[in-house]
Amino acid sequence: MEPNAFMYLTVAAVMFAIGVVGVLTRRNGIVVFMCVELMLNAVNLSLITFSKMHSVAAAAGGAAANVNPAAGSMMVFFVMCVAAAEAVVGLAIVISIFRNKLHIDINDVNIFKW
Amino acid sequence: MTFDSIFQIAFFWFFAILGIAGGIGLITQKNPVMAALSLILNFFSIAGLYLSLQAEFLAVIQILVYAGAIMVLFLFVIMLLNMQDEQNQQFDVMKGLAFLLGLGFFGELLFVFNSFMGKSVSGAFPLGKVEPIGMQMMTNYLFPFEMISVVLLAALIGAIIIAKKHSYK
Amino acid sequence: MNFNPGDIVNFSVMVAPILFLLAVGLMLMLMDVLKAHSSMPLIAGLGLIGAGVLAVLPEKISSMQAFYGMIEVGNIAPLNIVFLCLSGVFTIFFLPDYLKRQDKPIYEVYTLLIFAIIGMIMMANASDLLITFIGLETFSIALYVFAALFKKEETSNEAGLKYFLLGAFASAFLLLGISLLYGLTGYTNLNDIAANASKLTDNPALFFTSIGLFIIGFLFKVSAFPFHNWTPDVYSGTPTPLAGFMATGSKMAAFIALGTVLIKLNFTQYDKLVNVLALAAILSMIYGNVVAVRQKNLKRLLAYSSIAHTGYVLLGLCAGKAGFVAVIFYMFIYTIMNIGAFGLVGIAERTLADTDMDKWKGLGIKAPYFAAAMSLFLFSMAGIPPFAGFMSKYQVFIAAIGSGQILLAVIGILTSVIAAFYYIYLIVIMYFGKNESPEVSPRFDWTTGLGVGLLAVLILLLGIFPSLVLQPLLQYMSGSISAVAAAF
């Protein structure tokens, strides 16, 4: 069986779910942020799968050709750019916290009451 | 079954399993450095999956930007701050709940992805090459391409404000 | 490829406000380097006003996209730009004074403020989901930095980390929603998706999952009920005038973007979606108002009240097209009174040492102008006539009743009564509390005085003549949304 869209999407879904679990269970701020990066990558994988799927459908013609295959591939670029920008700001925040407290355990820095 | 299709299947499964293993490594490794390396493994295998979808240019960018630049930044910060292993890794109720939530979310996604069962993704993919992507970037996607510079500039200024040493208290 | 250099020039003229703001932002960076610090707020404010003028100068166009269907430049867009720019202008009235009082001369803030407003404009007027995402990230990144701005203070550190991690987490959900919508329809352009609406109903499970994830991302940004937890902590750690900006400008942009997407998808025909929004509205109103009653810290009180106000706006959103004017009107009024209230708290913060409510006892006698201005904003937030807050709540409730959401409107009115209790309690403390405040009392300098005066006049003016804003809103919208005129 040749890999079809569902199989790629399943891999993306597994990675996204792992990312969600990681964000909810890990306590180190940087690791939590890496889990968010994993989620973004899962979304990127799904976007490219959809892009390819629509591209194949558009090449086949017919009613399914009413799609824009470029949108998914292009979006992946912009998501990568945004992820890079977020990483810069996030790591700057982590460094500023570390300078004050020497750890970034997201449970221990909680000085507010919920 | 031809050699080509066997190769394709093997290629897909190899990178799919490697990628998921990398993801699991990320959330189970106590040491932040090991977690980051697991994530790099995951990013490489996602690049492999892009290759198997014939999105060659995106695969290259994935390795250059994600695995190459962003993860090096992460590793750099982790090592700069000399982070310790996470303590208190035992399984408690909250973690169990989080796991169930993730499982439920995965089930939901699998359920809605069911409609893509059997949709073919094999065939030519013109958008995998540099030229069509460049054409798109300079025509239909010119506006986001220009505006992404604002995001990058804002992030740059922001990082400088937060991370540089100021004279004030 | 349909590339034509003339197109690019035309399109650039259409998005002139954005390009102008970009130029202003770069100029502010340059001024920072050249040490022309004292005139930076002035330039930033004038730049924002200039962008607003540039937006409304051209003739009204019914609906038109620039850059190959990427961004809407007609319809309601010019007014969005004016409102978002005004939220920045109002913030700038309070920002320089606050930073000076806190001894933290961080002049890059003005550049980031301009960039945040560019992001908000992009997001509010996006006609492609890609632009929605990029706009969202542009202002989110600026707001993460605002939250972590006072890097030597642990409260600020934590606000930054919390807002950043949860914001990135929510963005991932939003992006997954966009991806699923793309998988379903084959487009990210909203007009194309609307033209292929039959594909949405072909696969309802996928459609509801995608739009649900999309709404989750937005509900986080507007701090609606199940995703509100970050709000009090982040607002209390953020520099006060910027917290006011965070609570108003970003929410206004998010609500306009969410409303545009939902209306383009014609969401009122799907009962499930309306019910989800209605549930979030009800819970936000009840939770925000009930918890706010217990708060002793003013910034936390304002944060919980902002959760409640989110509920009221969501209530208007449930009414569909007819409620969209009310939503924008509500957000504009809320921007005026909330930036005013946060600004006043910021002025008092340094003098009274913290933002504790008890410190405000007896301010009515010590600082009569200050207390009078605060009372005016609080009365307006409580929705007491003749202040503008009453008119905005009235519009939202009328829209909800008009679309048959009677229960929602009743809950809204009941929770407004709870809200009136804690707003008026603060006024009572200021005027009738035992005089425990220290000898020094909060004072206005000329910028903050001007700002408070302007906002107070706007509150009174719009409370008596709401049509000053409603009329242009309806006129700009009339091209596409004509049912609204009948509703009012």
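Of note:
- Selection within segment C:150-164 - within 8 Å of chain A (Cβ to nearest Cβ), more than 21 Å from the chain's Cα centre (by Cα) and not charged (D, E, K, R): C:155, C:157, C:161
- Verdict on residue C:223 being more than 7 Å from chain A (Cβ to nearest Cβ) and farther than 24 Å from residue C:287 by Cα: no
The rows are residues; the columns are (1) modelled with pLDDT of 90 or more; (2) under 30 Å from residue C:194 (Cα atoms); (3) within 11 Å of another protein chain (Cβ to nearest Cβ).
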{"position": "C:68", "(1), (2), (3)": "no, yes, yes"}
{"position": "C:80", "(1), (2), (3)": "yes, yes, no"}
{"position": "C:87", "(1), (2), (3)": "yes, no, no"}
{"position": "C:109", "(1), (2), (3)": "yes, no, yes"}
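- Residue count for segment C:171-188 satisfying the condition of being more than 7 Å from chain A (Cβ to nearest Cβ) and not hydroxyl-bearing (Ser, Thr, Tyr): 7.
- Residue in segment A:25-35 that is facing another protein chain (nearest Cβ under 7 Å), in a helix (DSSP H, G or I), touching a Phe, Trp or Tyr at 6+ places or on another chain (Cβ under 6 Å) and surrounded by fewer than 24 Cβ atoms within 10 Å (Cβ to Cβ) present: no
- Of the residues making up segment C:123-141, those that are in a helix (DSSP H, G or I) and either among the acidic types (Asp, Glu) or within 16 Å of residue A:94 (Cα to Cα) (or both) are C:137, C:141.
- Residue identified as at the interface with another protein chain (Cβ under 7 Å from one of its Cβ atoms), surrounded by 24 or more Cβ atoms within 10 Å (Cβ to Cβ) and touching a residue at least 24 places away in the same chain (Cβ under 8 Å) among C:147, C:142, C:168: C:142
- Residues in segment A:47-64 that are facing chain C (nearest Cβ under 9 Å) and under 20 Å from residue B:136 (Cα atoms): A:47, A:49, A:50, A:51, A:53, A:54, A:57, A:58.
- Residue B:81 being at negative phi, facing chain A (nearest Cβ under 8 Å) and under 21 Å from the mean Cα position of the chain (by Cα): no
- Members of segment B:2-53 that are crowded, with 19+ Cβ neighbours inside 10 Å and in contact (Cβ under 8 Å) with a residue 60 or more places away in the chain: B:53
- Any chance residue A:78 is within 9 Å of chain C (Cβ to nearest Cβ) and closer than 15 Å to residue B:39 by Cα: no
- Check on residue B:137, surrounded by 12 or more Cβ atoms within 10 Å (Cβ to Cβ) and either more than 23 Å from residue A:57 (Cβ to Cβ) or more than 20 Å from the chain's Cα centre (by Cα) (or both): yes
The values are calculated or read from the model by the stated rules, or taken from the named source; none is laboratory data. Keep in mind that this is a model prediction, so the values were computed, not measured. As a convention, Cβ positions derive from the backbone with ideal geometry for all residues, glycine included, and neighbour counts pool all protein chains shown.
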